[in-house]
Amino acid sequence: MKLIIRTIFLLTIYLSFNNSLKAQRQNNIWYFGNGAGLDFNTGKPVALKNGELFTEEGCATISDQSGKLLFYTNGVKIWDADHKVMNGNHPLSGDISTTQSVLIVPSPSEKNIYYIFTADEKAGSKGLSYSIVDMTKRAGKGGLIKGSKFLYGPISEKLTLTPHINGKDYWIIVHQWNSNTFASFLVTEKGVSKTPVLSKVGKKHTGYGSKVKSESIGQMKISPNGKILASVMCYIPNNPIEFFDFNNATGEITNQREIPTSGYAYGVEFSPDNSKLYVSFLKGAVGIIQYDLNSTNIFESGYILSKSTKTSVFGGIQLGPDNNIFIAKTGHSLDVITNPNAKQTNCGYRVGGINLGDRYCVYGLPSVVNINNAKSEAVAANDGVSIINNNGNESSRGALCSEYVELDAGHSGSVFLWSTGETTQIISARTMGSYTVKISDPENISSQSVNFMVNKGEPKVDLKGDTSLFCIKKYVLDAKHKGYQYKWSTGETKQKIEVNRSGKYSVTVTNGGCWDRDTVYVTFDSKPPKFKALTSFSPANNGFNNQFDYTVGDVFEFYLEVKTTKGKLVWKTTSSKEIWSGKDKKGEKVNKGSYNWKVRYKGICTFGETIEEEGTVRIF
């Protein structure tokens, strides 16, 4: 028999009568810098001159679904729609000099409630905190109903968010200071989770010589599809850009990759189609670079869109509600990228594309929330929308244990367009995830959209993703779900197994008619990442490939030398942070041609072994 399930465990259904443009109007007003502002409600940004905000860096603004201003903040003060201070003598816990000082997040369940998350400056003691604004207070002007509550810290000056895969909740992501740990906090209808999802991956955010923790500076962003996270640490010369995989279902961050740089990277932003990464530099010869994330060699795809200037300094980068990318720089204008999905010069980089009049931009632009559009009202029980489980089993839980389920949009006689491209009232869903259908009357006079979230019934097996282990000889894999039936790829049938070899491991967990499987790769590795270096460079270049850039993992002993092809020593160093600029020991430029390099180092988890590598670099 077929079992029809309406919004029970497996299925989350939401209706949105607002088109996407209207929903995104919540980001249509910006206030930033020294009284600067932009209004996107006409489709094109128009400069505003009525803002009271002052900030050097982070800030945030929120409007209602019609684009009408609600309030804005620099992480310390909150101004209402009349540009009056809302929070009186109760300052927030951010700072006007924090890179990403503040975020405004709408409650997933209460339309008048907004969370304000703040980050303290330079890994300060206030860390990540949050406050709550209720827009029903003060005759609809809004009021602070919960002051700054400490949540986590100390953290770097990085604070970003992305919607949960369920289309309803939000992930708030920060990075712990003096650690390589990301922390992801979930905001749900129940409030803010107190226990974050922790991901130990990537570089350690700590002081590398600065006494004032300047290394904590720099933006962190997640791509529009919620799948990629990019992060930079400023004030570390030539520190690489890091980017990772982000799981917007679990909040976990994995698979660190690096892009070598020259200069002090500060801002990052993704193109709307997630294919390009834009990076700004606070110091150095380069101002703005575009990278193609689909390229087989992302570093080589780097294309300089703008060099640094003597008249202004580049700051943060932000994708706007019109799908243009806006670039903060000190002065009375913003640079704009009008076609950010396109490569290189086709991206439409416009210097001074937005004039701010007599108002002034410093280093920051508002943090923009990718609003979940599916948060309006639940579908009524008699609207005909349903999910049909075809496994032939009745279950009060409605477990999805079959090969597929049928999604029924109801509203017989209407016109249908599914996100899969199908145009029938009922479709078969064979994979977990989000399915959207646009339902129109036959004359297409009016329409609405329905979102189905199909999740698998228990057991849901999660082995916590692929794992690389350093200095560890054995590792325990845990399938959880105590009391269920287990079948591992090793032949074992218990809940936990111990492994000591690199390879692929999978487990199938069964509970009655439901089952699930997960597979992970476990890598046992006791050596640091391989020394990677440029094969050629030119000191005559202006800020790009103008020195012998290289990357190497964490090392505690290091020696690098460069010699002529005849064996004469040209340059050497014992610091992995020092870069050869193409000059000899006396500081004089060497001749063009080929040079031999040799590196020796001891890294963490090499058990005292010295790694030696050598190669050739060409100066042209």
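The values are calculated or read from the model by the stated rules, or taken from the named source; none is laboratory data. Given the structure is predicted, the values throughout are model-derived calculations rather than measurements. All Cβ positions, even for glycine, are placed from backbone atoms using ideal geometry, and neighbour counts span all protein chains on display. These accessible areas exclude ligands, DNA and RNA; they are computed on the full protein's heavy atoms, side chains included. Shrake-Rupley method; radii C 1.70, N 1.55, O 1.52, S 1.80 Å.
Can you work out the accessible area per residue across the chain, with the rest of the protein chains kept in place, probe 1.4 Å, in square angstrom? Could you put the intermediate results ahead of the total?
Values: 27900 Å² over 620 residues.
Per residue, the chain has 45 Å² of solvent-accessible surface.
How high is the relative contact order of the chain, in percent, counting Cα pairs under 8 Å that sit 6 or more residues apart? Kindly include the intermediate steps, with their values, before the conclusion.
Details: 1715 pairs, mean separation 65.4, N = 620.
Dividing the mean separation by the residue count of the chain yields 11 percent.
Which shape class, rounded, prolate or oblate, goes with the stretch 70-130 when its Cα gyration tensor gives a ≥ b ≥ c as root eigenvalues, a/c under 1.5 marks rounded, and past that a/b bigger than b/c marks prolate?
Working: a/c = 2.21, a/b = 1.35, b/c = 1.63.
Verdict is oblate for the stretch 70-130.
Would you compute, from DSSP H runs of 4+ residues alone, the mean residue ellipticity of the chain at 222 nm, taking -39500 (n - 2.57) per run and dividing by the full residue count, rounded to the nearest 500? Please report the intermediate quantities before stating the final value.
Details: 2 runs with 8 residues, N = 620.
Calculated mean residue ellipticity at 222 nm is 0 deg cm²/dmol.
Rg over Rh of the stretch 149-223, using C-alpha atoms and the Kirkwood radius, what does it come to? Display every interim value, and only then the final one.
On the way: Rg = 13.4 Å, Rh = 13.3 Å.
Here Rg/Rh amounts to 1.01.
For Thr616 and Val46 in one chain, what is 0.36 nm times their gap in residues minus the Cα-Cα distance, to one decimal in nm? Before the final figure, lay out each step's value.
Working: separation 570, 0.36 × 570 = 205.20 nm, distance 5.36 nm.
Gain on extension, Thr616 to Val46, equals 199.8 nm.
What full-extension length gain, to one decimal in nm, is calculated for Asn255 and Lys283 as 0.36 nm per residue of separation minus the Cα-Cα distance? All intermediate terms of the calculation are to be shown ahead of the outcome.
On the way: separation 28, 0.36 × 28 = 10.08 nm, distance 2.83 nm.
Separation in residues times 0.36 nm, less the Cα-Cα distance, equals 7.2 nm.
Roughly speaking, to the nearest percent, how much of the stretch 242-323's 1.4 Å accessible area is carbon and sulfur?
On the way: 1240 of 2800 Å².
Carbon and sulfur atoms account for 44 percent of the accessible area of the stretch 242-323.
Too long at a 30 Å Cα-Cα cut-off: which of Lys149/Lys473; Lys221/Lys563; Lys283/Lys572; Lys168/Lys460; Lys329/Lys438; Lys126/Lys329?
Details: Lys149/Lys473 42 Å; Lys221/Lys563 41 Å; Lys283/Lys572 26 Å; Lys168/Lys460 20 Å; Lys329/Lys438 41 Å; Lys126/Lys329 28 Å.
Flagged as over cut-off: Lys149/Lys473; Lys221/Lys563; Lys329/Lys438.
Leu198 to Lys586: FRET efficiency via 1/(1 + (r/R0)^6), r the Cβ-Cβ distance, R0 60 Å, to the nearest 0.05? Write down the numbers at each step before the final one.
Working: r = 50 Å, r/R0 = 0.83.
Efficiency, from the Cβ-Cβ distance: 0.75.
In nm, what is the difference between 0.36 nm times the number of residues separating Thr423 and Ala342 and their Cα-Cα distance? Don't skip to the end; give the middle numbers.
Details: separation 81, 0.36 × 81 = 29.16 nm, distance 3.12 nm.
In short, 26.0 nm is gained.
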